[in-house]
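So the structure is just underneath, and the comments pick up after that.
The values are calculated or read from the model by the stated rules, or taken from the named source; none is laboratory data. If you're wondering where the values come from, they're calculated on a predicted model, not measured in any experiment. Every residue, glycine among them, receives a Cβ derived from its backbone with ideal geometry; neighbour counts consider all protein chains shown. Areas reflect the complete protein model, heavy atoms only, side chains present, ligands, DNA and RNA absent. Shrake-Rupley method; radii C 1.70, N 1.55, O 1.52, S 1.80 Å.
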Amino acid sequence: AHDSRDERHAAAAAYGLRAAPHITTDADRELLRYAALALLAGPADRALHGAALALLVQDPKTRAGYLPRALERFADGDPRLTPDVLATALTTHPEPVLRALRSRLGEPGDDPARPLEVMRTLADVTAPALARRATELVREHVEHRPGGARHAAAFVDRRLEHGPAVRALLFPLVSDFLRARSPHARRALAPVLAAPGTPLSRALRHELLEVLLEHEGHGQYGRYGQYVPDAAT
């Protein structure tokens, strides 16, 4: 019976996390809220507390009360508390969430998955003031960690697909990397800018590729601007 209950709780947590981003009614949100609180109240279900906190952080009514605990679990690496979950609290609690994301980017180690998760999350921030702060976080990351250029390139690639509206923030960031930063950044950005992308990003990719070509010459590019990886990189 105990195992059966644990399985039910695990299934409820998994379902709740999948459903949370799609909840639109107060009644459905209330059901998830009560389920999350029940999971959090069970001492035998500590492994599911991260899932419960993830649900409560995404709920505007419970966010403020449970965000500090969620941030602690995030810092400890709880897999249920992902950067995109925390990002739902950016509009109401930008300072603690941005601090947590900055800390995640600064963690030691060679595993690219964790910083890439943060970069993907930052790239999807659309509110203008928050998008500016997200962009500055990327700039700061590359300034302090030249090896993080590949993570910044992932941010740029994803951000480009938001369309021409991102130019005001993205063009200065990428231009700065290309002109003044380490070769790591230029090398990481080159294939991103040379990629065809979608119609939403194509014009800005081409524009930024022209900036790169002005400063790098045409040595690593074939006909029509196609990127040819250097054998030494």
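Looking at the range 186-225 only, could you name the residues that are open to solvent by 20 Å² or more (accessible area, probe 1.4 Å), among the polar types (S, T, N, Q) and modelled with pLDDT of 80 or more?
Listed by number, the list holds a single entry, 198.
Using beta carbons and a limit of 6 Å, which pairs, at least six apart or on different chains, have the first residue in the range 191-204 and within 19 Å of residue 151 (Cβ to Cβ) and the second one of a type in the set (Gly, Ala, Ser) and part of a loop (DSSP other than H, G, I, E, B)?
Filtered contacts from the range 191-204: no entries.
Hey, could you check the range 68-89 for residues that are in a loop (DSSP other than H, G, I, E, B) and β-branched (Val, Ile, Thr) and say which is most open to solvent (accessible area, probe 1.4 Å)?
Of the range 68-89, the ones in a loop (DSSP other than H, G, I, E, B) are 76-82, 88-89.
Filter once more, keeping what is β-branched (Val, Ile, Thr): 82, 88.
Values: 82: 32, 88: 51 Å².
Among them, the one singled out is 88.
Any residue in the range 54-67 that is modelled with pLDDT of 85 or more, surrounded by fewer than 20 Cβ atoms within 10 Å (Cβ to Cβ), under 24 Å from residue 123 (Cβ atoms) and not polar (S, T, N, Q)?
yes
For the range 86-128, give me each residue that is hydrophobic (A, V, I, L, M, F, W, C) and within 23 Å of residue 59 (Cβ to Cβ).
86, 87, 89, 90, 97, 98, 100, 101, 118, 122, 125, 127
Restricting attention to the range 103-115, which residues are surrounded by fewer than 20 Cβ atoms within 10 Å (Cβ to Cβ) and either assigned to a loop (DSSP other than H, G, I, E, B) or touching a Leu at 6+ places or on another chain (Cβ under 6 Å) (or both)?
106, 107, 108, 109, 110, 111, 112
Under 9 Å between Cβ atoms, which residue pairs at least 6 apart in sequence (or on different chains) link something in the range 122-145 that is touching a residue at least 60 places away in the same chain (Cβ under 8 Å) with a partner that is open to solvent by 30 Å² or more (accessible area, probe 1.4 Å) and part of a helix (DSSP H, G or I)?
Sorted first by the residue in the range 122-145, then by its partner, the list stays empty.
Filter the range 162-185 for residues that are surrounded by fewer than 19 Cβ atoms within 10 Å (Cβ to Cβ) and either in a helix (DSSP H, G or I) or touching a Gly at 6+ places or on another chain (Cβ under 7 Å) (or both) and give the result.
Passing the criteria: 164, 165, 167, 168, 169, 171, 172, 175, 176, 179, 180, 183.
Residue check: is residue 93 under 26 Å from residue 46 (Cα atoms), in contact (Cβ under 8 Å) with a residue 12 or more places away in the chain and more than 15 Å from the chain's Cα centre (by Cα)? Give the steps one after another, and end with the answer.
Values: under 26 Å from residue 46 (Cα atoms): yes; in contact (Cβ under 8 Å) with a residue 12 or more places away in the chain: yes; more than 15 Å from the chain's Cα centre (by Cα): yes.
When the stated conditions are applied, residue 93 passes them.
Going by the structure shown, is residue 92 in contact with a helix residue (DSSP H, G or I) (Cβ under 9 Å, 6 or more places away or on another chain), part of a helix (DSSP H, G or I) and β-branched (Val, Ile, Thr)?
No: the conditions fail for residue 92.
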